[in-house]
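Colleague: The structure is given below, and queries will be raised subsequently.
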Amino acid sequence: MAIATRRFLSLCPCPSSSLLSSSRYSKYWKNGMRRFCSSAAVHEEPITPPVEVKYNQLLINGQFVDAASGKTFPTFDPRTGEAITTVAEADTEDVNRAVSAARNAFDEGPWPKMTAYERSCIMLRFAGLLEKHSDELAALETWDNGKPYEQAANEEIPLLIRLFRYYAGWADKIHGLTAPADTLHHVQTLHEPIGVAGQIIPWNFPLLMFAWKVGPALACGNTVVLKPAEQTPLSALYVSKLFHEVGLPPGVLNVIPGSGKAGADLASHMDVDKLAFTGSTETGKAVLGAAAKSNLKPVTLELGGKSPFIICEDADVDKAVELAHSAVFYNQGQCCCAGSRTFVHERVYDEFVEKSKARALKRVVGDPFKKGVEQGPQIDTEQFEKILKYIKSGAESGATLESGGEKLGSKGFYVQPTVFSNVQDNMLIAKDEIFGPVQSLLKFKDVEEVIRRANSSHYGLAAGVFTQNLDAANTISRAFRVGTVWVNCFNIFDAAIPFGGYKMSGHGREKGVYSLSNYLQVKAIVTPLKNPAWL
């Protein structure tokens, strides 16, 4: 899903941060290693976003309201670290109000009782209104998140619209079955909405995660209480207001920005019937525990990853380098399925390393509102510092720092695109989810070896393989213990393609027809038959 942009190479002066104080870094520099990084507009004044913040309150029962406590929290511009605005901060009382509104809308309101076709029409009207507001949505997403505007406008907003049209299409095609019985009984199944769905979404793809969660839940006739990430609450509030403008009944969709406390309250709420969470594996465990300890509500989890990307010996190296680059650096590396473990066959390894380094040096980093920029800032200071610590760890553990490794600019959370070679499986940069622009290049000898090493992770979200050999592609794809395998491609997120993980990457599937089962209950109805003409 990489944006086709023109790339510029600019040479930055040698950095002098405290990271260079380690002996490992000093050795690199003494050996004459030079590292450069593109920087398009990092040192320039930030571009004024072409959008205004219109909504910064809680959305409960169709109305924007302040938090019961009156508390607010700031949401920041990752380009500068400065506050964009303050947002109402939901607490326990607000979670209770939102859940109560959703419960009343489900039990007494029109949404689950209207025909599926009527629900479909409202969702289609919403998709049309999203299309009319696509420029504002892309700008708001870029401002609050830091992702390139061209990425938001050309890829993510169109997919947001497509997802709601996709789920609108499913709304009136959800139905049960009839089943033959061994006795004189008529057996039918009903697929019923599950009730109030609590949903907690992350900050890396705010609007797409909104669609992945809200789309199937509403198509099935449920009501929703959504908690957006505290780093990126603005776009969810904006689109939820648009949803109400096209006839969504009050209480069907409630949005409660806030801290992790609000998420914990939602996860443990006794009147929430279903929970869906996307985020880190560590937090996912806590969410699952809270759901179990409360009312045993079912939980869908889409968690972390450390995806392997296998470059076979027959690969077209230039094409493989570009694809592997996009696989890990897309969205500033803040992607749960990023191909951050790049396994390269030993016969093409050296060539691949040199070309990957060159590609990273050409990557355009800068103000995400500027045309041609491929990489914006990281989301916040916490993520920024975490990435730099992992880079330092990689160098100190013996990996070769080929490019990057430093912050960019004096403002904001920009990190140079970083490439490590000679990475070993036991290094933290090869095991942990960094969630940043850091590529680890590992060498392998044969297919059996790389399958074993690729599967030796606690994660199992996604993987990729690049080869011209169909037999190799089939062998490797079937051997991966992951939820998605991309063959000669990566980061393809069509609305119909299911997405989810094995192992500690979660359970359940988002998108596609499989996601509908997350929001439905199956009821069997059995009726006696007397003197049937047939069975």
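Colleague: Within segment 416-432, does at least one residue satisfy the condition of being within 27 Å of residue 138 (Cβ to Cβ) and open to solvent by less than 60 Å² (accessible area, probe 1.4 Å)?
Modeller: Scanning segment 416-432 turns up at least one residue that is within 27 Å of residue 138 (Cβ to Cβ) and open to solvent by less than 60 Å² (accessible area, probe 1.4 Å).
Colleague: Let me ask something else. For segment 304-360, give me the residue count where each residue is part of a helix (DSSP H, G or I), under 17 Å from residue 436 (Cα atoms) and either modelled with pLDDT under 95 or in contact with a His (Cβ under 9 Å, 6 or more places away or on another chain) (or both).
Modeller: Residues in segment 304-360 being part of a helix (DSSP H, G or I), under 17 Å from residue 436 (Cα atoms) and either modelled with pLDDT under 95 or in contact with a His (Cβ under 9 Å, 6 or more places away or on another chain) (or both): 3 in total.
Colleague: Still on this structure: Being of a type in the set (A, V, I, L, M, F, W, C) and not in a loop (DSSP other than H, G, I, E, B) is the filter here; which residues of segment 220-246 pass it?
Modeller: Of everything in segment 220-246, those that are of a type in the set (A, V, I, L, M, F, W, C) and not in a loop (DSSP other than H, G, I, E, B) turn out to be 224, 225, 226, 234, 236, 237, 239, 242, 243.
To keep it simple, each residue is scored yes or no on (1) of a type in the set (Ser, Thr, Tyr); (2) open to solvent by 30 Å² or more (accessible area, probe 1.4 Å); (3) under 25 Å from residue 115 (Cα atoms); (4) in the same structural domain as residue 72 (by the TED database).
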position	(1), (2), (3), (4)
235	yes, no, no, yes
238	yes, no, no, yes
250	no, yes, yes, yes
264	no, yes, no, yes
269	no, yes, no, yes
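Colleague: Taking strands (runs of 3 or more DSSP E) that fall entirely within segment 47-130, which contain at least 1 residues that are among the charged types (D, E, K, R) and in the same structural domain as residue 160 (by the TED database)?
Modeller: Details: elements: 58-60, 63-65, 72-77, 82-88.
It comes to 72-77, 82-88.
Colleague: Determine which member of the set 420, 435 is touching a Ser or Thr at 6+ places or on another chain (Cβ under 6 Å), aromatic (Phe, Trp, Tyr) and not assigned by the TED database to the domain that holds residue 127.
Modeller: The unique qualifying residue is 420.
Colleague: In addition: Of the residues 87, 99, only one is in contact with a His (Cβ under 7 Å, 6 or more places away or on another chain), open to solvent by less than 10 Å² (accessible area, probe 1.4 Å), within 26 Å of residue 223 (Cα to Cα) and modelled with pLDDT of 95 or more; which?
Modeller: Step by step, each of 87, 99 is checked, and only 99 is in contact with a His (Cβ under 7 Å, 6 or more places away or on another chain), open to solvent by less than 10 Å² (accessible area, probe 1.4 Å), within 26 Å of residue 223 (Cα to Cα) and modelled with pLDDT of 95 or more.
Colleague: For the condition free of Cβ contacts under 8 Å to residues at least 40 places away in the same chain and of a type in the set (A, V, I, L, M, F, W, C), what is the one hit in 442, 361, 428, 401?
Modeller: Criteria check complete, one pass: 428.
Colleague: Hey, among 294, 326, 259, which residue is surrounded by fewer than 22 Cβ atoms within 10 Å (Cβ to Cβ), hydroxyl-bearing (Ser, Thr, Tyr), closer than 21 Å to residue 93 by Cβ and in contact with a Phe, Trp or Tyr (Cβ under 8 Å, 6 or more places away or on another chain)?
Modeller: On inspection, the qualifying residue turns out to be 259.
Colleague: Would you mind telling me which numbered condition in (1) out of contact with any strand residue (DSSP E or B) (no Cβ under 8 Å at 6 or more places or on another chain); (2) surrounded by 14 or more Cβ atoms within 10 Å (Cβ to Cβ); (3) closer than 30 Å to residue 190 by Cα; (4) touching a residue at least 60 places away in the same chain (Cβ under 8 Å) residue 510 fails?
Modeller: (1)
Colleague: Also, quick follow-up: Return the pairs, sorted by first residue and then second, in which the second residue is open to solvent by less than 40 Å² (accessible area, probe 1.4 Å) and not in a helix (DSSP H, G or I), the first residue lies in segment 446-475 and is among the acidic types (Asp, Glu), the beta carbons are less than 7 Å apart, and the residues are 6+ apart or on different chains.
Modeller: none
Colleague: When residues of segment 259-272 are filtered for being under 19 Å from the mean Cα position of the chain (by Cα) and either among the polar types (S, T, N, Q) or part of a loop (DSSP other than H, G, I, E, B) (or both), how many remain?
Modeller: Matching residues across segment 259-272 total 1.
Colleague: If you don't mind, there's one more thing I want to ask. Looking at the structure I just gave you, is residue 382 surrounded by fewer than 18 Cβ atoms within 10 Å (Cβ to Cβ) and touching a strand residue (DSSP E or B) at 6+ places or on another chain (Cβ under 9 Å)?
Modeller: Judged against the criteria, residue 382 is not a match.
Colleague: Could I ask something else about it? Checking residue 150 against (1) closer than 29 Å to residue 373 by Cβ; (2) open to solvent by less than 40 Å² (accessible area, probe 1.4 Å); (3) in contact with a helix residue (DSSP H, G or I) (Cβ under 8 Å, 6 or more places away or on another chain), which test does it fail?
Modeller: (3)
Colleague: Only one of these conditions is not met by residue 168: (1) closer than 30 Å to residue 294 by Cβ; (2) part of a helix (DSSP H, G or I); (3) open to solvent by less than 30 Å² (accessible area, probe 1.4 Å). Which number is it?
Modeller: The one condition residue 168 does not meet is (1).
The values are calculated or read from the model by the stated rules, or taken from the named source; none is laboratory data. Note that the coordinates shown come from a computational prediction; the quantities given were computed from them, not determined experimentally. Cβ coordinates were reconstructed from backbone atoms using ideal geometry, including for glycine residues, and neighbour counts include every protein chain displayed. The area values use the complete protein model at the heavy-atom level, side chains included, leaving out ligands, DNA and RNA. Shrake-Rupley method; radii C 1.70, N 1.55, O 1.52, S 1.80 Å.
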